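S.K.: Got a structure for you, written out below as structure tokens; questions coming shortly.
The values are calculated or read from the model by the stated rules, or taken from the named source; none is laboratory data. Predicted model only: the values in this text are computed from it and were never measured. Reconstructed Cβ throughout: ideal geometry from the backbone, glycine too, with neighbour counts over all protein chains shown. What goes into the accessible areas is simple: the full protein's heavy atoms, side chains included, and nothing from ligands, DNA or RNA. Shrake-Rupley method; radii C 1.70, N 1.55, O 1.52, S 1.80 Å.
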Amino acid sequence: NIYTPLIGLDTLRQATLIGAGLIALIGFLVILVIERSITFTLSIRTKNAQLRAANQRVEETMEARSRFFAWMSHEIRTPMTGILGMLEQLGLSKLDSDQSWLLRTVQNSAESLITIINDILDFSKIEAGRLDQEILDVDIVDVVEQVAHSMAPVAADNDVILHLRIDPSIQTLYR
């Protein structure tokens, strides 16, 4: 070696050992980084698989819930439709004014219940992405009167006199 006379054999050996040590240390660090990268990658893959499985379970649960809502809505709606039909038939019979008022209250309550059932069914349709929108005109006076009629028995039971006054200047139809 041409450098040996200049720096000495011991110094050259020492430098070689230090260089070899540094190369070994760098090699060790590279292996450690690779090992950690592989471990991290495997951990990420495991977590991703767990997340996919959890997501699948959530989707299956949501689908089961939507099917349940649709089934329950149908099963409740069928007898409620029968009740409304019978109430309509009862309305065709001879009733005094108190009986007519009570009949209208029961009919309004049954129709409200049907609306709630339909809303539940609509919710399951929204989740499934199958909801069709419907635009209707709503008579606000009719809605307020229906609410007042349905609340009147509760008010009377509590010795409360319920008065309804609707300002004639308000718009009655809303879309």
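S.K.: Where Rh denotes the Kirkwood radius from the mean inverse Cα pair distance, what is Rg over Rh for the range 109-175?
M.R.: Rg/Rh for the range 109-175 comes to 1.11.
S.K.: Another question, if that's okay. Taking Cα atoms of the range 61-113, Rg/Rh with Kirkwood Rh, to two decimals?
M.R.: Reported Rg/Rh, Kirkwood definition of Rh: 1.22.
S.K.: Using only Cα atoms, figure out Rg for the range 26-166 and give it as a multiple of 2.2 N^0.38 Å.
M.R.: For the range 26-166, the normalised Cα radius of gyration is 1.99.
S.K.: Continuing with the same structure: Assign unit charges at the C-beta atoms only (+1 for Lys and Arg, -1 for Asp and Glu), then state the dipole size of the range 127-171 relative to its Cα centre in Debye, rounded to the nearest 20.
M.R.: That gives the range 127-171 a dipole magnitude of about 120 debye.
S.K.: Using label points projected 7 Å from each Cα along Cα→Cβ, tell me how many nm separate Asp10 and Asp98, to one decimal.
M.R.: Rounded to a tenth, the inter-label distance reads 12.4 nm.
S.K.: Rounded to the nearest 0.05, what FRET efficiency is calculated for Leu162 and Ala110 with R0 set to 25 Å and r the Cβ-Cβ distance?
M.R.: Plugging the Cβ-Cβ distance into 1/(1 + (r/R0)^6) gives 0.75.
S.K.: A further question follows. Accessible area per residue, 1.4 Å probe, Å², for the range 1-149: what's the number?
M.R.: On a per-residue basis, the range 1-149 sits at 79 Å².
S.K.: Any idea which of Trp101, Ile83, Ala155 is furthest toward the positive side of the dipole for the chain, if Lys and Arg beta-carbons carry +1 and Asp and Glu beta-carbons -1?
M.R.: Highest projection toward the positive end goes to Ile83.
S.K.: In addition: Among Asn48, Ala110, Ser66, whose Cα sits farthest toward the positive end of the charge dipole of the range 31-133 (+1 at Cβ of Lys/Arg, -1 at Cβ of Asp/Glu, about the Cα centre)?
M.R.: The residue sitting farthest along the positive end of the dipole is Asn48.
S.K.: Could you give the Stokes-Einstein D for the range 14-93 in µm² per second, using the C-alpha Kirkwood radius, 25 °C, 0.890 mPa s?
M.R.: Approximately 127 µm²/s, per Stokes-Einstein.
S.K.: Accessible area of the chain with a 1.4 Å probe: how many percent of it is carbon plus sulfur?
M.R.: Here it works out to 63 percent.
S.K.: How long is the gain from Ile26 to Met86 if the chain were fully straight, where each residue apart is worth 0.36 nm and the alpha carbon distance is subtracted?
M.R.: 12.7 nm
S.K.: Nothing charged except the Cβ atoms of Lys and Arg (+1) and of Asp and Glu (-1): what's the magnitude of the dipole of the chain about its Cα centre? Round to the nearest 20 debye.
M.R.: The calculation lands at about 1560 debye.
S.K.: Once you have the Cα-Cα distance between Asn55 and Thr39, take 0.36 nm times their residue separation minus that, and quote the gain in nm to one decimal.
M.R.: 3.4 nm
S.K.: Using Cα atoms only, what is the angle between the long axis of helix 9-91 and the major principal axis of the chain, expressed in degrees (0 to 90) to the nearest 10?
M.R.: On a 0 to 90 degree scale, this one is about 10.
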